[in-house]
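A.B. asks: Pasting a structure here, questions to come.
The values are calculated or read from the model by the stated rules, or taken from the named source; none is laboratory data. Just so it is clear, the structure is predicted and the values come from calculations on it, not from any experiment. When we count neighbours, we look across all protein chains shown, and the Cβ atoms used for this are built from the backbone with ideal geometry, even at glycine. Note: accessible area is taken over every heavy atom of the protein model, side chains too, but ligands, DNA and RNA are not part of it. Shrake-Rupley method; radii C 1.70, N 1.55, O 1.52, S 1.80 Å.
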Amino acid sequence: MIGDHYLIWVTTDEILCGNIGAMQDKPSVVVTRRMPEAVHARLLRDYRVVPNEDDHAFSAEELISAARDAQADALLICATDPMDADVIAALPDSVKTIATFAVGVDNIDLAAAKARGIVVANTPDVLTDACADIAMLLTLAAARRAYEGDQMVRTGAWVGWRPTQLLGRDLQRKRLGIFGMGRIGRAYAKRAKAFGMKIHYCNRSRLDRRSEGGAIFHQDIEEMLPLCEFFSINAPATPETKGFLNAERIARLPEGSIVVNIARGDLINDEALIAALKSGHVAAAGLDVFAGEPDIHPGYRELPNVFLMPHAGSATIETRDRMGLACIDAFDAFFSGRPVPTQVA
Ligand code: DGY
């Protein structure tokens, strides 16, 4: 897989030790965004790092130029970096592996990477809990009108307690429908269950009983939607799921339902959701991801009944460290000729 390319850099001892840092000629890595300190330090120790000095979002051209100028062996990219078939075709032959600082790989044309023999790795598992926590935060914030409450206190509009002020919805005994029951969906279900919610889910295939943890499986999303007092999107963005939550599907949700999205913005038809939030058919939403980030649909900014977060699902100190270190683990494995445990292409 890495064959001759690998033999340029390493001695047998280094292969046996798996010690990339000891290589005479360290592999060079273009790192598209500023990394957490611990990640940066390990990268510097073991790789020739080509950083993005001012941490701006690279355009496709800048990404390609950086890879070409450095004759990079590897790229450490993020979910916001464009890695479509055209970019992959324009990368220099020196690039043999890409690690993405994300679990989502919708920004990467995996088939194109595979066809070029570029090994791609992502960072599953390490961010599951942080993302499930944010899903719970969005659920609670939407149900309990956290944005409106915060505004009321900050702006001085709060003139005191009263029995009918800012009434939200209970989570207890409510049906939560989860679309996409992967690692994060399951971790979120566990949390929601602890809040007394009744979990339903729709997934490509049914989970085994243990992983289901009492959740009710629906093969057919159209049949699950009318049950969902709360509805959460936890599925990856693919050509099939783009625009998934459209006007027709929103109409199938019960009146006054609550929508949560921590997956990808592309799964929601923004016009349709905004119309439903305005009419009250959807009572509230908690959104961490948006189509066209950071230029989100302006309609969301005006609505009091949406709680908005800036794609922060995995944004904890501990998790971001683990994500970066997982990317380096992938490089270490690759450049030591070991299987890459998180390989996705
Ligand atoms: C992911 O890991 O896919 C998160 O959305 C961060 O990009």
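A.B. asks: Which ones in the stretch 73-94 are surrounded by fewer than 24 Cβ atoms within 10 Å (Cβ to Cβ) and away from the ligand (no atom under 16 Å from the Cβ)?
C.D. replies: ASP84, ALA85, ASP86, VAL87, ILE88, ALA89, ALA90, LEU91, PRO92, ASP93, SER94
A.B. asks: Quick one: in the stretch 80-102, of everything that is within 20 Å of the chain's Cα centre (by Cα) and free of Cβ contacts under 8 Å to residues at least 60 places away in the same chain, which residue is nearest to VAL344 (Cα to Cα)?
C.D. replies: Filtering first and then ranking leaves ILE98.
A.B. asks: Among the residues of the stretch 293-331, write down those that are surrounded by fewer than 20 Cβ atoms within 10 Å (Cβ to Cβ), in contact (Cβ under 8 Å) with a residue 24 or more places away in the chain and away from the ligand (no atom under 16 Å from the Cβ).
C.D. replies: Across the stretch 293-331, the qualifying residues are HIS297, GLY299, TYR300, LEU303, PRO304, ASN305.
A.B. asks: Report whether or not ARG210 is in contact with a Pro (Cβ under 9 Å, 6 or more places away or on another chain) and surrounded by fewer than 21 Cβ atoms within 10 Å (Cβ to Cβ).
C.D. replies: Judged against the criteria, ARG210 is not a match.
A.B. asks: Can I ask one more? Return the residues of the stretch 113-123 that are open to solvent by less than 10 Å² (accessible area, probe 1.4 Å) and more than 10 Å from the ligand (Cβ to nearest atom); say none if nothing qualifies.
C.D. replies: Hits for the stretch 113-123 are ALA113, ILE118, VAL119, VAL120, ALA121.
A.B. asks: What about ARG175, is it in contact with an Asp or Glu (Cβ under 8 Å, 6 or more places away or on another chain), in the same structural domain as THR241 (by TED's automatic domain parsing) and under 26 Å from GLU212 (Cα atoms)?
C.D. replies: Criteria met by ARG175.
A.B. asks: Test of understanding: among ALA345, ALA283, which residue is at pLDDT 95 or above, open to solvent by 10 Å² or more (accessible area, probe 1.4 Å), under 23 Å from ALA192 (Cβ atoms) and among the small types (Gly, Ala, Ser)?
C.D. replies: ALA283
A.B. asks: Given the options GLU248, GLU271, name the one that is free of Cβ contacts under 8 Å to residues at least 40 places away in the same chain, touching a His at 6+ places or on another chain (Cβ under 8 Å), open to solvent by 50 Å² or more (accessible area, probe 1.4 Å) and charged (D, E, K, R).
C.D. replies: GLU271
A.B. asks: Being in contact (Cβ under 8 Å) with a residue 40 or more places away in the chain, open to solvent by 10 Å² or more (accessible area, probe 1.4 Å) and under 21 Å from the mean Cα position of the chain (by Cα) narrows it down to one of ARG191, ARG169, ARG145, so name that one.
C.D. replies: Going through ARG191, ARG169, ARG145 in turn, just one is in contact (Cβ under 8 Å) with a residue 40 or more places away in the chain, open to solvent by 10 Å² or more (accessible area, probe 1.4 Å) and under 21 Å from the mean Cα position of the chain (by Cα): ARG191.
A.B. asks: Given the conditions (1) surrounded by 15 or more Cβ atoms within 10 Å (Cβ to Cβ); (2) assigned by TED's automatic domain parsing to the domain that holds GLY280, and given that TRP158 satisfies all but one, which numbered condition is not satisfied?
C.D. replies: It fails just one condition, (1).
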